[in-house]
Amino acid sequence: MSIRVLVADDQTIIRTGLRIMLNAQLGIAVVGEAADGREAVRLARELRPDVCLFDIRMPVLDGLEATRLVAGPGVADPLAVVVITTFDLDEYVYGALRAGARGFLLKDTGPDLLAQAVRSASGGEALIAPSVTVRLLQAFADLPAGRPVAQPVSPVTAREEQVLLAVARGLTNTEIADALHISLSTVKTHLASLMAKLGARNRVEIAMWAYETRRILPGT
């Protein structure tokens, strides 16, 4: 069955472009479109798509709040959300990821990476565009030093640290397995362990924790 996608963006030309690119991909189908955040939330709850593709800056209700309403910590049956934006004035990116988004892409993303992000989100994984990962590191390297950071419920092992850093740099499970010379199932086991220890719901939150604890810095 096709991965069902809801597209939300206030610009008709952007929605049209995303719909054309996604519908051209094997196994992906756009099942709904919204021009503002409130309509996006309504359609998301009504259609229950496999993936919601939300612009971060929309009228009536922005993408941050829309993401929180369909994928946030208090949602009993959260949907998969991928945020897509120009990133230019994006103080909201970090908040969107913390609100539950599984991925983050730029609007100039090509069809291949767009499809990969949708498939990753549908499969319970996450994808952050490599260029965005660098920008995130730069944007949040200067978080207040006294800001409290959640601590793991049990120590993170040396191998888990390696997986943690790889996730924060935007590597996929397959790339992590190749880089660390371990099996794909072992990577998934380490990710599950990290999520349990950090109280993270997905790999994006694992990456955010790596940023917050200064395990990875700009240029590294």
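The values are calculated or read from the model by the stated rules, or taken from the named source; none is laboratory data. Note that the structure is a prediction, hence the values are computed from the model and not measured. Here the Cβ positions follow ideal geometry from the backbone for every residue, glycine too, while neighbour counts run over all protein chains shown. We work out accessible area using only protein heavy atoms, side chains counted, and drop any ligands, DNA or RNA first. Shrake-Rupley method; radii C 1.70, N 1.55, O 1.52, S 1.80 Å.
For the condition surrounded by fewer than 17 Cβ atoms within 10 Å (Cβ to Cβ), outside the structural domain of Trp209 (by the TED database) and out of contact with any strand residue (DSSP E or B) (no Cβ under 9 Å at 6 or more places or on another chain), Ala29 does not qualify.
Name every residue in the range 160-179 that is part of a helix (DSSP H, G or I) and not β-branched (Val, Ile, Thr), in order of residue number. Result: Glu160, Glu161, Gln162, Leu164, Leu165, Ala166, Ala168, Asn173, Glu175, Ala177, Asp178, Ala179.
Restricting attention to the range 145-187, the residues that are hydrophobic (A, V, I, L, M, F, W, C), over 20 Å from the mean Cα position of the chain (by Cα) and under 18 Å from Ser120 (Cβ atoms) total 3.
Pull up the range 180-195, narrow it to residues that are part of a helix (DSSP H, G or I) and open to solvent by 60 Å² or more (accessible area, probe 1.4 Å), then point me to the one that is nearest to Ala96 (Cα to Cα). Checking each candidate, the answer is Lys188. If only residues of the range 119-150 that are among the basic types (Lys, Arg) and part of a helix (DSSP H, G or I) are counted, the one that is modelled with the lowest pLDDT is Arg135.
Residues of the range 43-66 that are surrounded by fewer than 17 Cβ atoms within 10 Å (Cβ to Cβ) and closer than 12 Å to Leu6 by Cα: Arg45, Glu46, Leu47, Arg48.
Looking only at the range 1-10, filter to residues that are at pLDDT 95 or above and either assigned to a strand (DSSP E or B) or not charged (D, E, K, R) (or both); which one of those is surrounded by the fewest Cβ atoms within 10 Å (Cβ to Cβ)? The selected residue is Arg4. Selection within the range 196-205: residues that are modelled with pLDDT under 90 and open to solvent by 30 Å² or more (accessible area, probe 1.4 Å). The member of this set that is nearest to Ala96 (Cα to Cα) is Arg201.
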